[in-house]
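Enquirer: Can you keep this structure in mind? I'll have questions shortly.
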Amino acid sequence: MISDDERAAIEQRATQGDVAAQIYLGWAYSEHGPFAHDSTLAEHWYRLAARSKQTEALRRLARFLYDRQSEEARSWAEILVKQNDFYGYYLMGHMLLHGDCGVKRDRNAGLRNLEISAMQGHLVSKLDLLKHGTHYYFLGPVSVLRIAAVMAKIFYTLLRSPGSMAVYR
């Protein structure tokens, strides 16, 4: 937990245009952050950060809106796709697969978007393809060893993440 002085300093930096501070405050006020949950403030800070057009800020706003099933999430995911960003393809893949956020369900287009994201190295997209699809182009010949390697990499990444062990308890 951060002190009130630290929080005020972060808010001051965010108000002065520090994109990293704006992203932090968006997360901090979201349901996952340490501050009292306030979706309005979280969205405010994510939108301010997205004005910078920085990829991470665009990703955060797109995901925030996707989690709320806002139809606007599609627009932000499309911006990321135009930038050839793996996360934009990942979000569009999910929207198309499940018909989320007002997007018309299209399984094939959804799988194609997940494939593009997976080919760019996005591990969750690789898992989603294994779960949802019959398209395994990113794996080459599908083999138990390749699938095990993907799972091991994900497990290793989770272990290195702060607080990840809380998931296993």
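Readers should treat all values here as calculations from the given coordinates under stated rules, not as data from a laboratory. No experiment lies behind these values; they were computed from the predicted model shown. Note that we place each Cβ from the backbone using ideal geometry, even for glycine, and neighbour counts take in every protein chain shown.
Enquirer: Just want the ordering: D106, D85, from fewest to most Cβ atoms lying within 10 Å of their own Cβ. Before the final figure, lay out each step's value.
Expert: Numbers: D106 14, D85 21.
Least to most surrounded, the residues fall as D106, D85.
Enquirer: Another one. How far, in degrees from 0 to 90, does helix 144-160 lean away from the longest principal axis of the Cα atoms of the chain, to the nearest 10?
Expert: 10
Enquirer: What range in the chain is the longest one free of GluC sites (Glu not before Pro) that are in a loop by DSSP and have at most 13 other Cβ atoms within 10 angstrom?
Expert: 72-169
Enquirer: A follow-up question, please. Where does the chain land at 222 nm, in deg cm²/dmol rounded to the nearest 500, when only DSSP H runs of n ≥ 4 count, each adding -39500 (n - 2.57), divided by all residues?
Expert: -21000 deg cm²/dmol
Enquirer: Once you have the Kirkwood Rh of the stretch 1-52 from its Cα pairs, apply Stokes-Einstein at 25 °C and 0.890 mPa s and quote D in µm²/s. Can you show the working numbers first?
Expert: Details: Rh = 10.6 Å.
D, rounded to a whole number, is 231 µm²/s.
Enquirer: Could I ask something else about it? Using Cα extents along the principal axes in Å as the read-out, say which of (i) 52, 37, 27; (ii) 55, 37, 24; (iii) 74, 30, 28 was calculated from these coordinates.
Expert: (ii)
Enquirer: Would you mind ranking L127, L96 by Cβ crowding within 10 Å, fewest neighbours first?
Expert: L127, L96
Enquirer: Quick one: how many lysine pairs in the chain have C-alpha atoms under 26 angstrom apart, if they're 8 or more apart or on different chains?
Expert: Close lysine pairs under the 26 Å cut-off: 7.
Enquirer: Another question, then. Rounding to the nearest 20 debye, state how big the charge dipole of the chain is about its Cα centre with +1 on each Lys and Arg Cβ and -1 on each Asp and Glu Cβ. Before the final figure, lay out the partial values.
Expert: Details: 21 positive and 18 negative charges, 154 e Å.
Once rounded to the nearest 20, the dipole reads 740 debye.
Enquirer: In whole percent, what relative contact order does the chain give with Cα contacts below 8 Å and a gap of six or more residues?
Expert: 10
Enquirer: Of H32, H122, Q83, which is farthest towards the positive pole of the chain's charge dipole, taken about the Cα centre with +1 and -1 on the beta-carbons of Lys, Arg and Asp, Glu respectively?
Expert: In the chain, that residue is H122.
Enquirer: A further question on this structure: Under a 10 Å cutoff between Cα atoms, tell me which one of H122, H32, H132 has the largest fluctuation in the Gaussian network model of the chain.
Expert: Ranking H122, H32, H132 by mean-square fluctuation puts H32 first.
Enquirer: For a quick check: sort F35, F86, F155 by the number of other beta carbons within 10 angstrom, fewest at the front.
Expert: Listing F35, F86, F155 from fewest to most nearby Cβ atoms yields F155, F35, F86.
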